[in-house]
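Have a look at the structure below, then the notes.
The values are calculated or read from the model by the stated rules, or taken from the named source; none is laboratory data. Please read all numbers here as calculations on a predicted model, not as lab measurements. Cβ sites come from the backbone with ideal geometry, for glycine too, and all protein chains shown count toward neighbours.
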Amino acid sequence: MRRAMINTIAVIHFLLITTGVHGGSSISHIGVTATVLPIVKYEIIHQEKNLLITEENIKIGYIDVPGAVIFSIKSNSKNGYVMTFFVRSGLLKEVEVFYDSVSSGIHDTQNEIFMPSEGMKQVVKELSFRLHLSDILMPGMYDWPVAFMIQAV
């Protein structure tokens, strides 16, 4: 924000010099506009690193992971932000994401979730997952299969 203000002052100064406005001369008008780009800042507070698949998970076909990701977020975008998910192929058939009493399915063709603006305040979000397991999975420990990124709209 400070950099934008300095740049604006520099542009005004340049325009005054190049338009030839001097003391005692006629009045000149300058129109200045500024565009504030939407930004989002977030910090991961907690994220699962591993996924333990048991024989019972394989029998029922899924595993629930409550509180798998917790993050704090702040955005100046009045249009909100988009979370884009990336799922490691081969391990899962489908991923359901639960947040703010809402659930969304993540598929190859639909891997984005829109989050509305909550103003400029910093908020904490928690994501829980239901991971529908691939038929080829065996019991064991796996790397966490879901990554995401966040962009302002």
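Being in contact with a Phe, Trp or Tyr (Cβ under 8 Å, 6 or more places away or on another chain) and within 17 Å of Ser134 (Cα to Cα) is the filter here; which residues of segment 76-96 pass it?
Scanning segment 76-96 gives Phe86, Leu91, Val95, Glu96.
Every residue in segment 54-109 that is at pLDDT 95 or above, over 22 Å from Ile44 (Cα atoms) and of a type outside the set (A, V, I, L, M, F, W, C), please.
Thr54, Glu55, Glu56, Asn57, Lys59, Gly61, Tyr62
Given the condition exposed (fewer than 15 other Cβ atoms within 10 Å of the Cβ), touching a residue at least 60 places away in the same chain (Cβ under 8 Å) and not acidic (Asp, Glu), answer yes or no: does some residue in segment 72-84 qualify?
The answer is yes; a qualifying residue exists.
Here are some conditions: (1) under 20 Å from Ile53 (Cβ atoms); (2) exposed (fewer than 13 other Cβ atoms within 10 Å of the Cβ). Val97 meets all but one. Which one does it not meet?
Condition not satisfied by Val97: (2).
From the set of residues in segment 30-48 that are of a type in the set (Val, Ile, Thr) and outside any strand (DSSP E or B), which is modelled with the lowest pLDDT?
Top of the filtered list is Ile30.
What about Gly20, is it farther than 24 Å from Pro116 by Cα, at pLDDT 95 or above and either not acidic (Asp, Glu) or not assigned by TED's automatic domain parsing to the domain that holds Leu127 (or both)?
no
Residues that are of a type in the set (D, E, K, R) and within 15 Å of the chain's Cα centre (by Cα): list the strands (runs of 3 or more DSSP E) wholly contained in segment 71-130 that include at least 1 such residues.
112-115
Working only within segment 46-69, note down all residues that are surrounded by 13 or more Cβ atoms within 10 Å (Cβ to Cβ) and over 24 Å from Gln110 (Cβ atoms).
Within segment 46-69, Ile53, Asn57, Ile58 qualify.
Within segment 52-108, which residues are under 15 Å from Val146 (Cα atoms) and either touching a helix residue (DSSP H, G or I) at 6+ places or on another chain (Cβ under 8 Å) or of a type in the set (Gly, Ala, Ser) (or both)?
Selection gives Ile63, Gly67, Ala68, Ser89, Gly90, Ser104, Gly105.
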